[in-house]
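The values are calculated or read from the model by the stated rules, or taken from the named source; none is laboratory data. From a predicted model like this one, the values you see are computed outputs, not experimental measurements. Positions of Cβ are generated from backbone atoms using ideal geometry, with glycine treated the same way; all protein chains shown enter the neighbour counts. For accessibility, only protein heavy atoms count, side chains too; no ligands or nucleic acids. Shrake-Rupley method; radii C 1.70, N 1.55, O 1.52, S 1.80 Å.
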Protein chains: 2
Amino acid sequence: MASLPILITAGEPAGIGPDCIALAWAADPDLLRGTCICAPAAWLEKRCQQLGLRLPLREVASPQASHDVLNCWNPLPAESITGPVTAGATAAHTAAAVIACIRIAAETCMQQRAGAMVTGPIEKAVLRDAGFSFPGHTEFLAHLAGDSPFVMMLASDALRVALLTTHLAIADVPAALSVQQTLQCLRIVHHDLHERFAIDTPRIAMCGLNPHAGEAGHFGKEEIDILAPAVEQARREGIDVTLPLPADTLFSPAMRTSFDAVVCCYHDQGLIPIKALSFGEAVNITLGLPFIRTSVDHGTALDRAGSGKVSYSSLVAAIEAAKSMSQRSMHASQ
Amino acid sequence: MASLPILITAGEPAGIGPDCIALAWAADPDLLRGTCICAPAAWLEKRCQQLGLRLPLREVASPQASHDVLNCWNPLPAESITGPVTAGATAAHTAAAVIACIRIAAETCMQQRAGAMVTGPIEKAVLRDAGFSFPGHTEFLAHLAGDSPFVMMLASDALRVALLTTHLAIADVPAALSVQQTLQCLRIVHHDLHERFAIDTPRIAMCGLNPHAGEAGHFGKEEIDILAPAVEQARREGIDVTLPLPADTLFSPAMRTSFDAVVCCYHDQGLIPIKALSFGEAVNITLGLPFIRTSVDHGTALDRAGSGKVSYSSLVAAIEAAKSMSQRSMHASQ
């Protein structure tokens, strides 16, 4: 059985999404082998011209994995007019097409016509102005999957971190934690480490919220009141997870290599160590969805679109992670 | 001019403080060259016997730097009876001596009869029961120095982090931040990077509290209301410090090497990256005091005292940092 293609959405066409695709292919076509770009070919063609690159692009009528030429599947209805794209200058008339490409890519994954989707960066303000009501990609994809609960994970060779809360002020984090949501996160992380990463018996570390994990309640009681009860219930369900551990030592070499993932209470608790250890190599993965989704971990960088001064390493890492998870999931379901 | 000795306080005599000293000397006497133990010699002798080590200990009547033999200066009055010490078993009768050794070491530094002090780990509960009313070493030393404002720094070859708050629940961190205290911290860090670390024009990064440093107020306003105004005032005073930067990317390789220190809002924001990057090599340094003080970054580990299964790497790192800062300060004042 041939591998299903990995769909790549370009994201904001005026941003560096198209640049990353073009530059990666120009550097080594193997980096994009097995993928299929899910976007109007014109978005990529024009950027290639600007960058002085000649890419062997082929427009395909359905998702097909690229080999010697880069397949570009425009999923939009023929009558769609997306209008011109200028590098660095966002435009309201492209917003609907950006949203549609993401939606159709997700649906194609759910129809099992694609093995995974990799998302390029979007410009949220442009989409919001066009009526897009989601905080970002992840929430939109979860909605398309029937309001699926989800967990944001960042993964590199050194570390995998999953987040209980994401873009929230530190002052709002303690009140946002709950036993039920912590338990749900532990279930999703355990399930996806097994199913998506093919880890037979996943070992999960629960990171405390407070310094020294609260030191038995001296500096905060969330470990006692919320995290430990969730851990105890998860253990009853057969999940291998620690009681809340102090954050400062949990990411030291001996500790971090003892676990398959660390569940963190807030954004920077997970992102500080993974970016300190694996900057530019960390991949954003959405767990809990009924399909595989990875993402670049950078923004649209509008000021660098078309400049050629762009690193495609995050895109390549996201593609590699998607391919690897897709193959493991295939094996797991055989 | 001969170098002044670096005083080492053993801390809790039943803990691993004496073990670390004995094992470091046994491994290589050069590791303790220039230091002087500030404690009753009996505390060290008995532990050496238990460990099967023969150390060339010399009791000295005043602080003197060790060379071929390890100098041990007992600063306690002759009539002091500290009582027997058993590895692993704390005892109320040693508390007063532990406190007196720390106090006299600090006073000796302030009298410029010692170049710095390095503190071994104390058992706070034992000292509290004996009437010690300070949260820890640092606050006691600041009190002895006339209620000096101070800043906790952790330093390694990879990174220096200074903390605006320390052992505080995450829920209490936002309310604990203020413009005045942030400004005071920036002044102390700037001053001590110059005076203690001999950095001509220190570059300081201010780390934001919230994810993405609040993203222009979208996830928290402490950056706008507290940190930025403190930075602006510090800049008017000639301090080179950034506006609040996102914590997740600040500790990536390119960013962290651009600064001489990062001022962090809370304990784990600084300790996660330094322990991820430099576990066992980070030194705890108290800035703002009128003398140099470094500390091991571990506890008393009562269960391992006398076992020989103890790493002295943190003590050695603390001694090296104290020596280096002491020499730089001497040069700076010549």
| Which of the residues in segment B:256-288 lose at least 20 Å² of accessible area when you go from the chain alone to all protein chains together (probe 1.4 Å)? | B:TYR266, B:HIS267, B:ASP268, B:ILE272, B:LYS275, B:ALA276, B:LEU277, B:PHE279
| Rolling a 1.4 angstrom probe over the protein heavy atoms, how many square angstrom per residue are accessible across segment B:151-285? | 35
| request: On a C-alpha basis, how far is the centre of segment A:200-278 from the centre of segment B:1-68 in Å? Whole number, if you could? | output: 38
| message | With a 1.4 Å probe, what is the total accessible area buried between chains A and B, in Å² rounded to the nearest 100? | response | 2700
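DSSP loop (so not H, G, I, E, B), at most 12 other Cβ within 10 Å: list which trypsin sites (Lys or Arg not before Pro) in segment B:1-78 pass both filters.
When the trypsin sites (Lys or Arg not before Pro) of segment B:1-78 are filtered for loop state and at most 12 Cβ neighbours within 10 Å, B:ARG54 remain.
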| query | Considering only B:ILE319, A:THR166, A:CYS109, whose Cα is most displaced toward the positive end of the charge dipole of the protein assembly as shown, charges sitting on Cβ of Lys, Arg (+1) and Asp, Glu (-1)? | reply | B:ILE319
| field | Degrees between helix A:95-110 axis and first principal axis of chain A (Cα, 0 to 90, nearest 10) | value | 70
| Copy-to-copy label separations for A:SER178, where each label sits 7 Å from Cα toward Cβ, in nm and ascending | 3.6
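With only Lys, Arg, Asp and Glu charged, each at its Cβ (+1 for the first two, -1 for the last two), find how big the charge dipole of segment A:151-285 is about the Cα centre; round to the nearest 20 debye.
Charge dipole, segment A:151-285, about its Cα centre: 80 debye, nearest 20.
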| task | Can you find, among B:ALA228, B:SER3, B:GLY146, the residue farthest towards the positive end of the dipole of chain B? Put +1 on the C-beta of Lys and Arg, -1 on that of Asp and Glu. | result | B:SER3
| remark: Under the 7 Å Cα-to-Cβ spin-label approximation, A:SER133 and B:ALA92 lie apart by a distance in nanometres of 6.7
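For the protein assembly as shown, what is the Kirkwood estimate of the hydrodynamic radius, computed as the reciprocal of the mean inverse distance between distinct Cα atoms, to one decimal in Å?
Evaluated on the protein assembly as shown, it is 27.4 Å.
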| What shape does segment B:8-85 take by its C-alpha gyration tensor, where a ≥ b ≥ c are the square roots of the eigenvalues and a/c under 1.5 counts as rounded, a/b above b/c as prolate, and the rest as oblate? | oblate
| query | Exactly which chymotrypsin sites (Phe, Trp or Tyr not before Pro) in segment A:231-331 are in a DSSP loop and have at most 13 other Cβ atoms within 10 Å? | reply | none
| Centre separation in Å (Cα based) which lies between segment B:95-123 and segment A:104-165 | 56
| task | Report P(r) for segment B:151-285: all Cα-Cα distances, bin width 10 Å, range 0 to the bin holding the largest distance, values in whole percent. | result | 13, 48, 34, 5
| Estimated D of chain A in µm² per second, where Rh is the Kirkwood radius over Cα pairs and Stokes-Einstein applies at 20 °C, 1.002 mPa s | 104
| query | Put a dot 7 Å past each Cα toward the Cβ at B:THR257 and B:ARG304; how far apart are the dots in nm? | reply | 3.2
| request: First compute the accessible area of segment A:37-169 with a 1.4 Å probe, then give the percent of it belonging to carbon and sulfur atoms. | output: 49
| query | Which lysines have a Cα less than 20 Å from the Cα of B:LYS309, not counting those fewer than 8 places away in the same chain? | reply | B:LYS46
| How high is the FRET efficiency from A:LEU53 to A:ALA78, r the C-beta distance, R0 35 Å, rounded to 0.05? | 0.80
| task | Mind jotting down the three principal axis lengths of segment A:248-334 based on Cα atoms? Whole angstrom, largest first. | result | 42, 41, 20
| query | Can you list residues whose amide H is under 5 Å from A:ARG203's amide H, if they're 5+ apart or on another chain and H is modeled 1.01 Å from N? | reply | A:ASP260, A:ALA261
| task | Any chance you could give the angle, 0 to 90 degrees and rounded to 10, that helix B:17-27 forms with the longest Cα principal axis of chain B? | result | 80
| Sites matching GluC sites (Glu not before Pro) across segment B:165-237 that sit in DSSP coil, with at most 12 neighbouring C-beta atoms within 10 Å | B:GLU237
| query | How many nm is it between the label spots at B:ARG235 and A:GLN112, if each spot is 7 Å from the Cα in line with the beta carbon? | reply | 5.8
